[in-house]
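First comes the structure, then the notes that go with it.
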Amino acid sequence: MRSGQGQGSHDIMPGAKHILVINGPNLNLLGSRETRHYGRDTLKAINARLARRARDAKVRLVAFQSNSESTLVERIQQARGQGVDFIVINPAAYTHTSVALRDALAAVGIPFVEVHLSNIFSREPFRRESYFSDIAVGVVSGLGARGYELALEFALQYSGKR
Ligand code: DQA
């Protein structure tokens with residue numbers, strides 16, 4: 001994890017790989033939200049597991065969640081200047097609507113994996129359309145919270161080649 005942000009912070013892991021985990025709208029409600037689709041893990045618990053794994057692997061991991069499209073766009077834009085090497089993103093409902101988020105990811109050019117807890121292909125037809133999948137390195141969908149961990153494992157090994 002990062003030691004902090006903004007002025008006065010120091011980098012505890014200079015040169016370490018830097019991974020950003022982004023979660024979109026309503027994922028702050030994980031644990032209680034539509035548990036048949038999204039399971040009972042809270043986002044806090046998921047992020048704690050990711051942080052532990054990142055610490056073991058000696059990489060910097062920052063987790064960010066927002067319900068706001070513009071805040072998510074701004075966070076992605078900042079990522080380039082912050083030296084983020086890889087993004088794991090669950091765009092949630094914006095998966096199916098947001099050209100703006102797609103454009104932000106394309107603009108920064110940081111490789112990313114798209115994660116969904118549920119299998120978006122086995123649900124309502126509108127969920128089958130993603131604005132992200134074709135520009136993602138890959139997609140994990142339907143494996144529940146494990147999907148984030150698998151995406152992180154992939155990010156740890158990712159070197160630009162597959
Ligand atoms: C989701 C699937 C989306 O369709 C939905 O809007 C979400 C969560 C998932 O993780 O399965 O909010 O991205």
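The values are calculated or read from the model by the stated rules, or taken from the named source; none is laboratory data. Here the structure is a predicted model, which is why all the values come from computation and not from measurement. Heads up, the Cβs are rebuilt from the backbone with ideal geometry, glycines too, and the neighbour counts pull from every protein chain shown. In case anyone asks, the SASA skips ligands and DNA or RNA and just uses the protein heavy atoms, side chains included. Shrake-Rupley method; radii C 1.70, N 1.55, O 1.52, S 1.80 Å.
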Taking the Cα atoms only, what angle lies between the long axis of helix 146-157 and the longest principal axis of the chain, rounded to 10 degrees?
40
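May I ask for the longest run of the chain untouched by GluC sites (Glu not before Pro) that are loop-located per DSSP and have at most 15 neighbouring C-beta atoms (other than their own) within 10 Å?
Values: sites that count: E34, E129.
Counting at most 15 other Cβ atoms within 10 Å as exposed, the longest clean stretch of the chain is 35-128.
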Enter the accessible area per residue of the chain (Å², integer; probe 1.4 Å; all protein chains in place).
51
Using all Cα-Cα distances in the chain, what percent lands in each 10 angstrom bin from 0 up to the longest?
10, 42, 37, 9, 1
How big is the Cα convex hull of region 82-162 in projection, averaged over all directions, in nm²?
5.4
Among I110, A136, M13, whose Cα lies farthest out toward the positive end of the dipole of region 5-156, if unit charges sit on the beta carbon of Lys, Arg (+1) and Asp, Glu (-1)?
M13
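Check each of the trypsin sites (Lys or Arg not before Pro) in region 17-74 and keep only those in coil by DSSP with at most 16 other C-beta atoms within 10 angstrom; list them in order.
Working: sites: K17, R33, R36, R40, K44, R49, R52, R53, R55, K58, R60; in loops: K17, R33, R40, K58.
For trypsin sites (Lys or Arg not before Pro) across region 17-74 that sit outside H, G, I, E and B with at most 16 neighbouring Cβ atoms in 10 Å, the list reads R33, R40, K58.
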Let me spell out the model: positive unit charges on the Cβ of Lys and Arg, negative unit charges on the Cβ of Asp and Glu, origin at the Cα centre of the chain. What dipole size does that give, in debye rounded to 20?
500
What figure, in Å² to the nearest 10, do you get for the accessible area of D103 with a 1.4 Å probe and non-protein molecules left out?
80
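Relative to the compact-globule scaling 2.2 N^0.38 Å, provide the ratio for the alpha-carbon radius of gyration of region 10-79. Show your work: numbers first, answer last.
Values: Rg = 13.8 Å, N = 70, 2.2 N^0.38 = 11.1 Å.
Its radius of gyration relative to the 2.2 N^0.38 Å reference: 1.25.
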Please go through region 98-134 and write out the trypsin sites (Lys or Arg not before Pro) that DSSP classes as loop and that have at most 16 other C-beta atoms within 10 Å.
R123
